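Structure, as structure tokens:
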Amino acid sequence: MSTTAATKVEETLDPQDWSELRKLGHQMVDDMLAYLEDIRERPAWQPLPAEVKASFKSPLPLEPQGAESTYQDFKRNVLPFPLGNIHPRHWAWVNGTGTPGGMLADMLASGMNSNLHGADHAAIYVEQQVLSWLKEALGYPAEASGLLVTGGSMANFVGLAVARNVKAGWDVKRAGLANSPSLVVYCSAETHNSVQKAGEALGLGTEGVRYIETDKNFRINAESLRTAVAADRKAGKVPICVVGNAGTVNSGAIDDLNALADFCASENLWFHVDGAFGAVAAISPVLRPLVRGMERADSVAFDLHKWMYVPYDIGCVLVRSEESHRATFSAQASYLDKQTRGLAGGPIWFKEYGLELSRCARALKAWFSLKEHGLRKYQTQVEQNVAQTKYLVEMVQADQRLELLAPAPLNVACFRFRGGINDEATLTALNKEILLRLQESGAAAPSSTTLGGRFAIRVANVNHRSRREDFEYLISEVIRLGEELAPEI
């Protein structure tokens, strides 16, 4: 061994002074808890000033800045400018709120820094337990398999991948799709675009995802679906799957899931439910009838970071057939051989149920949250969000200056300021400006959509911090802005 090699100081990324980092860590926790505690006092959203945006164009740091200095940069340039979904008046898209306990659990998971590909360690058992709890809470078969993923988009991908392999009629995993008949997945025109992206990635192509028209309540038209499947079979295509919606992202519409389950059984089709947020209604005995039939699905996709309020990111896919699920994604390698004991033992290797080998311990924040609050608390919160949305709808319907643009069966309400205006172009321009003023002022953060050609202010309420007074404030601001802006449009 050379003298240089023997005397060279070996470095680490651990701190030289643990007491200083411990002090800073305590300050970070205190600051973040205070930040969440006082969130109502801040804007629902605010744009980043030019100088803050410029700060993110600084060159790559070659020398240490230190944890304390870096944290000050975070407090100055990052912390004041969130997406805003932690705020009680944020109802844009379907952004979950997170919880203080979930935040702390994420810190614990990062400290352990476990990889959830498999092996025998505590985080594997945590994920198994969370999956068991979720199946029980949603009324899904206990023997089904499941996987925690980044979100509903990846959950849809996993479910449709299994559907493709099971229903194609040949060994897709081995032979691929070259020179094969076209496979077709069916969904309503209101279905989330992650289904189209999954179809494209799985080799079905854009034309392999067939959008079916909806009825007046934005639910899939059963007769049009039946006609489309028959026509595709006659044309030599291979129908493989129907996607049912448990809460569309546009309006919260729920397809007749029982009828779709019957249709899929009669036509030998895979039945997948995209329940990104609406599936969680099943945890409530009061709301479960709205999604009846979901428990019959071959696979279900949903998010915990939406209506279960767990911090990002955490979604879930459940698959009725564990064997089919594993067969779709299992791929062996000698360096990943399982053993009957030791580190490479363990009850399950999650790498065999999805694309990812490297997986973070995202189950811990769900495990922590469910144990911290209990399922009944979540039932109450979900029912509260639905009641608040109904209250918002009642306020819209009670004021002739406002117009409800879609039914609100769950927690999504779409409406607009109407005033005495009948011209659609004018109404669109007016309501777009109302929405932008709401967001830019920090008053509230709904988002938008278009329903039947009509621009809508859209409120998706998966917010455990919202109160009825927040919706009253929203309505008052929409009316104030509408009356103020209407003469100018």
For this session: Sort out which residues of the stretch 448-489 are part of a helix (DSSP H, G or I) and either at positive phi or of a type in the set (Gly, Ala, Ser) (or both), and write them in order of number.
Result: Ser476, Gly482, Ala486
Problem set entry | Boolean, Val185 is open to solvent by less than 30 Å² (accessible area, probe 1.4 Å), under 22 Å from Glu267 (Cα atoms) and outside any helix (DSSP H, G or I) | yes
For this session: May I ask you to list the residues in the stretch 33-68 that are open to solvent by 50 Å² or more (accessible area, probe 1.4 Å), without any contact (Cβ under 8 Å) to a residue 40 or more places away in the chain and either among the aromatic types (Phe, Trp, Tyr) or assigned to a helix (DSSP H, G or I) (or both)?
Result: Glu37, Glu41, Ala50, Glu51, Lys53, Ala54, Phe56
For this session: Filter the stretch 196-233 for residues that are assigned to a helix (DSSP H, G or I) and within 21 Å of Asn179 (Cβ to Cβ) and give the result.
Result: Gly199, Glu200, Ala201, Thr206, Glu207, Gly208, Asp232, Arg233
Seminar exercise, completed: All conditions in (1) among the polar types (S, T, N, Q); (2) outside any helix (DSSP H, G or I); (3) touching a Phe, Trp or Tyr at 6+ places or on another chain (Cβ under 9 Å) are true of Gln27 except (2)
Seminar exercise, completed: If we ask which residues in the stretch 359-380 are out of contact with any strand residue (DSSP E or B) (no Cβ under 6 Å at 6 or more places or on another chain), assigned to a loop (DSSP other than H, G, I, E, B) and touching a residue at least 12 places away in the same chain (Cβ under 8 Å), their number turns out to be 3
Exercise. Does Gly482 meet the test of being open to solvent by 20 Å² or more (accessible area, probe 1.4 Å), in contact with a helix residue (DSSP H, G or I) (Cβ under 8 Å, 6 or more places away or on another chain) and more than 24 Å from Tyr312 (Cβ to Cβ)?
Worked result: no
Exercise. Which fully enclosed strands (runs of 3 or more DSSP E) of the stretch 269-334 have 1 or more residues being in contact with a Lys or Arg (Cβ under 8 Å, 6 or more places away or on another chain), in contact (Cβ under 8 Å) with a residue 60 or more places away in the chain and not aromatic (Phe, Trp, Tyr)?
Worked result: 299-303, 315-319
Exercise. In the stretch 450-479, what residues are more than 15 Å from Val396 (Cβ to Cβ) and surrounded by fewer than 20 Cβ atoms within 10 Å (Cβ to Cβ)?
Worked result: Thr450, Gly452, Gly453, Arg465, Arg467, Glu469
Exercise. Do we find a residue being in contact with a Ser or Thr (Cβ under 6 Å, 6 or more places away or on another chain), open to solvent by 70 Å² or more (accessible area, probe 1.4 Å) and of a type in the set (Asp, Glu) anywhere in the stretch 169-182?
Worked result: no
For this session: Considering only residues that are open to solvent by 10 Å² or more (accessible area, probe 1.4 Å) and polar (S, T, N, Q), look in the stretch 238-273 and name the one that is farthest from the chain's Cα centre (by Cα).
Result: Ser266
Problem set entry | Gly159 vs. criteria assigned to a loop (DSSP other than H, G, I, E, B), over 20 Å from Ala230 (Cα atoms), open to solvent by less than 60 Å² (accessible area, probe 1.4 Å) and touching a residue at least 24 places away in the same chain (Cβ under 8 Å) | no
Problem set entry | From Ser324, Ser369, residue being surrounded by 13 or more Cβ atoms within 10 Å (Cβ to Cβ), more than 30 Å from Ala460 (Cβ to Cβ) and of a type outside the set (Val, Ile, Thr) | Ser324
Problem set entry | Selection within the stretch 403-447 - in a loop (DSSP other than H, G, I, E, B) and of a type in the set (D, E, K, R) | Arg418, Asp423
Exercise. Do the conditions hold for Ser58, that is, is it within 30 Å of Ser330 (Cβ to Cβ) and polar (S, T, N, Q)?
Worked result: no
For this session: Sort out which residues of the stretch 194-237 are under 26 Å from Phe302 (Cα atoms), of a type in the set (A, V, I, L, M, F, W, C) and surrounded by fewer than 16 Cβ atoms within 10 Å (Cβ to Cβ), and write them in order of number.
Result: Ala201
Exercise. Residues of the stretch 201-247 being under 23 Å from Thr450 (Cβ atoms) and charged (D, E, K, R), which ones?
Worked result: Arg210, Glu213, Asp215, Lys216, Arg219
For this session: Run down Leu79, Leu83, Leu116 and say which single residue is open to solvent by 40 Å² or more (accessible area, probe 1.4 Å) and in contact (Cβ under 8 Å) with a residue 12 or more places away in the chain.
Result: Leu83
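The values are calculated or read from the model by the stated rules, or taken from the named source; none is laboratory data. All figures in this text were calculated on a predicted structure; none of them were measured in a lab. Note that each Cβ is placed from the backbone with ideal geometry, even for glycine, and that neighbours are counted across all protein chains shown. We work out accessible area using only protein heavy atoms, side chains counted, and drop any ligands, DNA or RNA first. Shrake-Rupley method; radii C 1.70, N 1.55, O 1.52, S 1.80 Å.
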